[in-house]
Amino acid sequence: MVLKMEKDEKFVELLWRDKHMKTDPSRKDSPYDSNLRFTAVEIIGNSPTNEDGVITPSEENWKNRLIWGDNKQIMSSLLKQGWAGKIDLIYIDPPFFTGADFSFTTRLYSDGQKSKNSIIGQKAYSDSWDGGISSYLMYMHDRLKLMKDLLRHNGSIYIHLDWRVVHYVKIMCDEIFGYDNFVNEIIWKKTNSPKSQSNGFGSQHDTLLVYSKSGNFRFKAPYREFDHNSLKPYCYDDGDGNGPYRLIEIEAQGVQRTPNRKQFEFRGRTAPYLYNINTLKEWDSLGLIYKTANGRYCRKQYLKEMKGIPVSDIWVDKQVSPIQSAEKVGYDTQKPEGLLRRIIETSTNEGDVVADFFSGSGTTLSVAEKLGRKWIGSDLSIHAINTVKKRLLGIHDSRNLNAKKYGKQVRPFEILKTESCETEFWKEKPAEYISFMTKLYNSRQLTGYNYIQASRENRAIFFGPVNAPVSMDMIKNFVSECVYWKFSGGDILGWTWDQETRESAKQFAQQKGVDLRLIQIPDVNAIKSALAGSDSCSNLMGIPDQIVEKSLGRVVKFRELPYVQISSILDGREITLKLEDFQFPLTGEESQLLGNIDDSRQLIDYWSVDWDYNGRIFHNQWQSCRTKKELKLELTAKHTYEDRSEHTIMVNVVDVTGNEINRMIRTAV
Ligand SMILES: C[S@@+](CC[C@H](N)C(=O)[O-])C[C@H]1O[C@@H](n2cnc3c(N)ncnc32)[C@H](O)[C@@H]1O
């Protein structure tokens, strides 16, 4: 690491490998300058939505938004869609360069018992950096620059880090936001019981760097509650009903007592006063001046006038205390709501826009919701997106910031995902698509066949068309080719599947004597999320082959399609749906872990229903999800239609590993 001092003596710059590497804007696959459209995947509440994939800050009905994808692409696209200078506060809690993987855990219901085996842990995101600190700094640099452009002229950004990289990022931020726009370095006590270290001191704090976009930024000084020690100075009481007070100096003391400070006379004493004579006289007339035993004057400050103790840059008080278990939602690295409350209340007004582009479990979004702020959140991990969704849907049941139940339902919000530049690229370059998938699936590419594209452990493999359903014709042709070339097993990997196709495919293969597996290709965001903690997560095409094969291929999970059976009974205008069965093939490790689950439907984490699916966007109108308090899932859903006509119902089921499956049901009421 080098600090470069140029001719300008004020110029200091942090350099790292590739910092000044130029990104070639003509590269088709370069997401550096992304302007991707957003696809709404789910609406919660009755918020209308733009179907053109563009979201603008000036739209009439504001919608809170949770976006699934890489935040570099998301922020770059937001800037292109008119969001420059539109966000009042950004809080980020990015990976800290810890070199570790972080998980989220779900507790499962098993015959009413919370048994030992019923906790499942999943990797939520990774914070390991193959390219070392240079790649981490590059990743942060790109993103912080975009955040600066998104901030409003009087906005602020809080960057939450720890000892590992905060000092590097401070220098980087001085360059991005301007040294003069640095506001504070906040020391936050994150734990009451630091781990003891044999070499050095245990770490007990995180650091938050605060920058403003300009010198004129929103700041409402926060106060903390009085504690025993801070009440001690309020030991005076005149018994006049005004209550206890303390004495504050009105004469310059110590370093303030410079030789050229002007002295003047007040009530017979000449001294270097800190206030002008008119102010002193006014206080005197109000009975606020106190004469000490040695003849000095002080001002009385009554406890009843004080809002609390002004908060300094060391945050150790109870309002921002380390996360309590009652608040935990099972996501590693979750921060306490009290911390976000202080930040949001200090730096925004009601109605302002708050963003967290590394949302995790959604602490910022939950607090922004409770404080009546508008919000935008994003995360690359589907587990984070599902956790935030569940947390917001259950917000009425969570504690309010004053420790009582919040009691209000979440305002309408939308879940979106970014279009993927990779899939567009692969559609145009099928050979590159097959080559990438072959490596990702740890298989061997084959040539000379019509449908068989690769093989793995003697099974033939076919990769379905990018972002399109695998058709029955493709399945038949592949199976016939397997028979001809004497492959007894075959895997078809697909992006999307029609309900009917997947039901008849297995039957067809069975008749032909082929052991067929239908496998879901994970969403591009899910593939990238295995790389979160690497600056290459923005661009799959830029990853070297050996990383795809060795690192990525090992962590990206390909699963057989789950099976869900839902029955529907119509009684007049009332329809009842019942989740009859749910099966998904578990890995060996998972089946051991989940061995004592007696009803596989309890492997569902969440299911929701759109009673009038419009064929495009899922409108979440009913849901049942596993929560910390209620581990058991409701298995029936009821709805009464107002009119007698045909309706299309869409059911969305998400299992505990984060995979989802949809079922469409048509009904004539
Ligand atoms: C430390 S956690 C945030 C925790 C959060 N403050 C909370 O209270 O739950 C960091 C999050 O950043 C996400 N992340 C990492 N790289 C990302 C990227 N490039 N785009 C979007 N999210 C990313 C991870 O998936 C993870 O959920």
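The values are calculated or read from the model by the stated rules, or taken from the named source; none is laboratory data. Source: prediction; values computed, not measured. Cβ sites come from the backbone with ideal geometry, for glycine too, and all protein chains shown count toward neighbours.
Do any residues in the range 403-415 that are within 22 Å of Pro336 (Cα to Cα) have Cβ atoms under 6 Å from those of residues that are modelled with pLDDT under 95 and not β-branched (Val, Ile, Thr), where the two are at least six apart or on different chains, and which pairs are they?
Partner pairs satisfying both residue conditions: Tyr406/His396; Tyr406/Ser398; Tyr406/Asn400; Gly407/His396; Lys408/His396; Gln409/His396.
Among the residues of the range 359-375, is there at least one that is in a loop (DSSP other than H, G, I, E, B), β-branched (Val, Ile, Thr), within 13 Å of the ligand (Cβ to nearest atom) and farther than 21 Å from Gln623 by Cα?
No, because not a single residue in the range 359-375 is in a loop (DSSP other than H, G, I, E, B), β-branched (Val, Ile, Thr), within 13 Å of the ligand (Cβ to nearest atom) and farther than 21 Å from Gln623 by Cα.
Out of Arg143, Arg164, Arg224, which single residue is in contact with a Phe, Trp or Tyr (Cβ under 6 Å, 6 or more places away or on another chain), of a type in the set (Lys, Arg) and at pLDDT 90 or above?
Checking each option against the conditions leaves just Arg164.
Return the pair list, or none, for Cβ contacts closer than 6 Å from residues in the range 123-145 that are within 14 Å of the ligand (Cβ to nearest atom) to residues that are of a type in the set (Ser, Thr, Tyr), at least 6 apart or on different chains.
Lys123/Ser103; Ala124/Ser103; Ala124/Ser381; Tyr125/Ser381; Asp127/Thr98; Trp129/Ser135; Trp129/Tyr136
For the condition among the hydrophobic types (A, V, I, L, M, F, W, C), under 17 Å from Ser126 (Cβ atoms) and touching a helix residue (DSSP H, G or I) at 6+ places or on another chain (Cβ under 8 Å), what is the one hit in Leu552, Leu493?
From the options Leu552, Leu493, the qualifying one is Leu552.
Yes/no per residue for (1) modelled with pLDDT of 90 or more; (2) away from the ligand (no atom under 16 Å from the Cβ); (3) under 30 Å from Arg65 (Cβ atoms); (4) over 52 Å from the mean Cα position of the chain (by Cα):
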{"site": "Ile248", "(1), (2), (3), (4)": "yes, yes, no, no"}
{"site": "Lys262", "(1), (2), (3), (4)": "no, yes, no, yes"}
{"site": "Ala271", "(1), (2), (3), (4)": "yes, yes, no, yes"}
{"site": "Leu303", "(1), (2), (3), (4)": "yes, yes, no, no"}
{"site": "Val316", "(1), (2), (3), (4)": "yes, yes, no, no"}
{"site": "Ala326", "(1), (2), (3), (4)": "no, no, yes, no"}
{"site": "Ser347", "(1), (2), (3), (4)": "yes, yes, yes, no"}
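Any residue that is outside any helix (DSSP H, G or I), at pLDDT 75 or above and of a type in the set (S, T, N, Q) - is there at least one of those in the range 72-79?
Among the residues of the range 72-79, not one is outside any helix (DSSP H, G or I), at pLDDT 75 or above and of a type in the set (S, T, N, Q), which makes the answer no.
Here are Arg644, Arg626, Arg616, Arg666: which of them is surrounded by fewer than 19 Cβ atoms within 10 Å (Cβ to Cβ), over 16 Å from Ile415 (Cα atoms) and in contact (Cβ under 8 Å) with a residue 24 or more places away in the chain?
The unique qualifying residue is Arg644.
Show me the helices (runs of 4 or more DSSP H) entirely contained within the range 434-530 in which 2 or more residues are more than 16 Å from the ligand (Cβ to nearest atom) and under 37 Å from the mean Cα position of the chain (by Cα).
499-511
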